[in-house]
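To start, the structure under review is shown below, and the notes come after it.
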Amino acid sequence: MATSLLLLASVLVLSNVAVHSAFAPDLIVGMAKILLDNYCSPEKLTGMQEAIDAASSNTEILSIPDPDTLASVLTGGVQSTISDTRLVISHEPNYVPAVAPALPPLPPDQLIGVLQSSIKLEVLEGNIGYLRIDHIIGEELADKIGTLLLELVWNKILPTSALIFDLRYTGSGDLSGIPYIVSYFTDAEPLIHIDSVYDRPTNTTTEMWSMPTLLGERYGTKKPLVILTSANTKGIAEDVAYCLKNLKRATIVGEKTAGGSVKIEKIKVGDTDFYVTVPSAKSVNPITGKSWEVAGVMPDVEIGAEEALAAAIKIINLRAEVPAILEATGALVADNYAFENVGADVAEKLAATSGDYNLISSKVELETKLSADLMTLSGDKCLKTTHNIPALPPMNPSPEMFIELIKVSFHTDLFENNIEVQAIAQIIVEHVWNKVVNTDALIQLLAYHLVGVNWDSFCSYFFDADKQVLLDKLYDRPSGTTTELWSLPELTGARYGTKKSLIILTSGATAGAAEEFVYIMKKHGRAMIVGETTNGASHPPETFRVGESEVFLSIPTTHSDTTQGPAWEGAGVAPHIPVPADAALDTAKGILNKHFAGAKK
């Protein structure tokens, strides 16, 4: 930084020395001093004074006779070195400093007219308030006209159910107005640190806090607040938007703001006609530790300024539906979730989190958050939102098509020692079974099946016909009934029976009905499980519509017998021999080959 400043100072000095005596010799030093004394980020100027002192002894001359050209060159050098485009050096012989006009003592009727022309207020359909302010007034003016503002504006806003605060055209304002505006959208207690402003000329930092008392009532923290922004939103309006956004009190809709400054000063260089425009104060948000200055305020919902109002209305209307959606979701989960105690607990806790949905901006965002909350509260990855996808029409394939379906759905290999490996898909038919029933051992590959069918009938092939086995009990929550799953006494085709070896391969992707099959076979000691712990999903969930909304829930309604402890839902089925999924097949073959080798001795 010191080297860069030395180059900058050299350019400044070289641009000045004896240019036909057009400029005073101390012009550039005066500019540099203005920066040192007034620039809001003095840490960027470290070493500048030393650089100026060193450069002042240089005797070379850079001849730029035109003052406007010189100002442009100096501006480019300063901006590129300090990386701040707000710094401008200008030559303005006729410049007259702007003075904010004082509010003249107007009679009440004229004052009302002035206020009504500068503030736009409307109550939209659905009791949505709309307020546009193009200039943010400060403390002094607020004290003078506060009663009128309350009567003409604020008391009409208070009864609305939500507010759209339009700052798309707000390019000016007073720093002291920030805590006033922000405080109307916060609670009286506790007081909130909303901003800190460092002022370079006085080398002081002023903390801005929410105000404990205000003229009139607060809008509060419960009702939706949407702020509209555009590329023309500048300065104090940006600070207001940034504060309310990071307090999570408002949703910003529109365009990224201008990236202005909390305070800009235009300072004359000595007795010359040159001026330095410099940001003399900077805002540092206590929540982010950063500033909106230069960078601008990024909207939560980025959309063209002309479309922002319609988008804001859509967001508010969606939020109006959220309480009913959450209530209906809780009721559906409490009444239908497979595990009754968990369902009731989820419903209660979901109701308590309703305030977390205040900043939802779209249906997708609502569904995503609702899914995350349901999964977190229940610990069940299958309890979530879903899409209401219509069921596909039933297929009536020709015999030829059916044979092709079987060929692509199943894969069988015969290994040494008459060991069969079968990848089980969704259809178990005699066409496949006849190939495996006479093998001496069977490896079933369930490692890559995310979903499946009801496996209870298929389980029967691995038990003997002379004794029925209670495979599992399934409790259905909506009906409150329990169904016992028994092995079947009669089957199509021959049984594999209980005498021959059976190894089932699993992975973390083994889920749903396939897990039920693994669970049954492990619980009854009929198979050795090799691979990874299964997914821990659920029995196939049912889809429920949430009230009259377009939100749908996927709710597991059935669970396996838990009288002897947790089943597989949630936790998955742990293998007897844990190995990575891609090593499971070789491990299983090794186990069986060793078994057969021992049997032959």
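The values are calculated or read from the model by the stated rules, or taken from the named source; none is laboratory data. Just so you know, these numbers come straight off a predicted model, no measurement behind them. Ideal geometry is used to build each Cβ from the backbone, glycine not excepted, and the neighbour counts take in all protein chains shown. Each accessible area value is taken on the protein alone, full model and side chains, heavy atoms only, with ligands, DNA and RNA left out. Shrake-Rupley method; radii C 1.70, N 1.55, O 1.52, S 1.80 Å.
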(request) Counting only heavy atoms of the protein chains, get the accessible area per residue of region 517-601 (1.4 Å probe) and round it to a whole Å² value. (result) 47 Å²
(request) Name the residues whose placed amide hydrogens come within less than 5 Å of the amide hydrogen of residue 267, ignoring near sequence neighbours (fewer than 5 apart) on the same chain. (result) 276, 277, 278
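Between residue 148 and residue 37, take the C-beta separation as r, use R0 = 56 Å, and let me know the FRET efficiency to the nearest 0.05.
Given R0 = 56 Å and the Cβ-Cβ separation, E is 0.85.
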(message) For a quick check of your reading of the filter: which GluC sites (Glu not before Pro) in region 178-262 sit in a DSSP loop and have no more than 15 other Cβ atoms within 10 Å?
(response) 217
(request) Quick one: what are the phi-derived ³J(HN,Hα) couplings along region 518-523, Karplus 6.51/-1.76/1.60 with θ = phi - 60°, whole Hz, x for glycine and proline? (result) 4, 4, 4, 5, 6, 4
(message) Can you compute 3J(HN,Hα) from phi for each residue in region 305-310, using the Karplus curve 6.51 cos²θ - 1.76 cosθ + 1.60 with θ = phi - 60°, rounded to whole Hz and x for Gly and Pro?
(response) 4, 5, 9, 5, 5, 4
(request) On the full set of protein chains, 1.4 Å probe, figure out the accessible area of residue 234 and give it in Å² to the nearest 10. (result) 100 Å²
(message) Defining a contact as two alpha carbons under 8 Å apart and six or more residues distant in sequence, what relative contact order in percent does region 157-290 show?
(response) 29 percent
(request) Work out the charge dipole of region 463-601 with +1 on the Cβ of Lys and Arg and -1 on the Cβ of Asp and Glu about the Cα centre, then indicate which of 593, 529, 475 is farthest towards its positive end. (result) 593
(message) For Cα pairs less than 8 Å apart in space and 6+ apart in sequence, what is the mean separation divided by the residue count of region 310-355, i.e. the relative contact order in percent?
(response) 34 percent
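Quick one: compute the contact order of region 186-231, relative version, from alpha carbon pairs under 8 angstrom and 6+ residues apart, as a percent.
On the way: 43 pairs, mean separation 17.7, N = 46.
Answer for region 186-231 is 38 percent.
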(request) Find how much the distance from residue 209 to residue 94 grows on full extension, using 0.36 nm per residue of separation minus their present alpha carbon separation; answer in nm with one decimal. (result) 37.3 nm
(request) For region 469-499 and region 26-45, write down the distance between their C-alpha centroids in whole Å. (result) 85 Å
(message) So, taking all protein chains as they sit and a 1.4 Å probe, how much accessible area belongs to residue 342, in Å² rounded to tens?
(response) 50 Å²
(message) Output wanted: per-residue J couplings in Hz (rounded whole) for region 158-175, from phi through Karplus 6.51 cos²θ - 1.76 cosθ + 1.60, θ = phi - 60°, x for Gly and Pro.
(response) 3, x, 6, 8, 7, 10, 9, 9, 8, 10, 5, 10, 8, x, 8, x, 10, 4
(message) Under 5 Å between amide hydrogens, which residues at least 5 positions from residue 501 or on another chain qualify, with H placed 1.01 Å from N in the peptide plane?
(response) 442
(request) For residue 386, list long-range residues whose amide hydrogen, built 1.01 Å from N in the peptide plane, is under 5 Å from its own amide hydrogen. (result) 552, 553, 554
(request) Would you tally the net charge around residue 272, using a Cβ to Cβ cut-off of less than 15 Å, leaving residue 272 out, and scoring K and R as +1, D and E as -1? (result) -3
(request) Which order do the peptides 484-494, 531-541 take when ranked by the mean count of other beta-carbon atoms within 10 Å per residue, highest first? (result) 531-541, 484-494
